[in-house]
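The values are calculated or read from the model by the stated rules, or taken from the named source; none is laboratory data. Please read these numbers as outputs of a predicted model, since none were measured by experiment. Counting neighbours? That spans all protein chains shown, and the Cβs are built from the backbone with ideal geometry, glycine included.
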């Protein structure tokens, strides 16, 4: 839960919980899938067009 809460603070959204989705060392494991949507990704990681913030 702590990881889900942390990821949510960074803009990730819960896509789903997949019960017994994978097998690790012979044991079934649940998978929690989270996503950062493209529009938010671009807003966070796109550089401004003038690049004045870059060191010279």
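Just a few scattered comments:
- Residue pairs whose Cβ atoms lie under 9 Å apart, sitting 6 or more positions apart in sequence or on different chains, and linking a residue in segment 14-29 that is more than 16 Å from residue 3 (Cα to Cα) to a partner that is loosely packed, with under 10 Cβ neighbours inside 10 Å, are 28/19; 29/23.
- Residue in segment 10-23 that is outside any strand (DSSP E or B), exposed (fewer than 10 other Cβ atoms within 10 Å of the Cβ) and either modelled with pLDDT under 85 or out of contact with any strand residue (DSSP E or B) (no Cβ under 7 Å at 6 or more places or on another chain) (or both) present: no
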